[in-house]
Amino acid sequence: METRLAEIGWSVEWTEFAAGLPILEAIGKGKIDLSYAEVAPPIFAQSDGVPFVYMANDSALPGSIGIIVPQDSPIRTLTDLKGKKIAGTKKTAGHYLLQREPLYNGTINNNKISSCIQN
């Protein structure tokens, strides 16, 4: 990619980020010019007032994100989450999914689960 872009006068510097929210924070602070983030971080970034615009998007792949449990866990459905402690990373797709899915599917009232969202 660097070679092709150099042919039209662009230079590329790659910077790695652990998640989408830090990417959007860096864009908001003018530290990077262009990047990609999954579905949820832009929603959280917009609510935090981070200034950015969408210039392109791709369709989320069904099944590309999910709620996971240990293989030997008795949890197999969203209803099985009732009374369980749920962990996720704050303002990520996982956080969004853990908040959205039980409510969206009508399987659990959110006050019946205990979320542990880590910064």
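The values are calculated or read from the model by the stated rules, or taken from the named source; none is laboratory data. Since this is a predicted model, take the numbers as computed values, not measurements. Counting neighbours? That spans all protein chains shown, and the Cβs are built from the backbone with ideal geometry, glycine included.
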Which one of 29, 91 is in contact with a helix residue (DSSP H, G or I) (Cβ under 6 Å, 6 or more places away or on another chain) and of a type in the set (D, E, K, R)?
91
Please find, within the stretch 53-77, the residue that is modelled with the lowest pLDDT out of those that are farther than 27 Å from residue 25 by Cβ and surrounded by 12 or more Cβ atoms within 10 Å (Cβ to Cβ).
69
Restricting attention to the stretch 35-52, which residues are modelled with pLDDT of 85 or more and either assigned to a loop (DSSP other than H, G, I, E, B) or charged (D, E, K, R) (or both)?
35, 48, 49, 50, 51, 52
Output yes when any residue across the stretch 22-29 is of a type in the set (A, V, I, L, M, F, W, C), more than 19 Å from residue 94 (Cβ to Cβ) and surrounded by 10 or more Cβ atoms within 10 Å (Cβ to Cβ), and no when none is.
yes
Looking at 5, 21, which is the one that is touching a Lys or Arg at 6+ places or on another chain (Cβ under 6 Å), modelled with pLDDT of 75 or more and either among the aliphatic types (A, V, I, L, M) or part of a loop (DSSP other than H, G, I, E, B) (or both)?
21
Filter the stretch 78-119 down to the residues that are part of a loop (DSSP other than H, G, I, E, B), at pLDDT 60 or above and surrounded by 10 or more Cβ atoms within 10 Å (Cβ to Cβ) and list them by number.
82, 84, 90, 91, 92
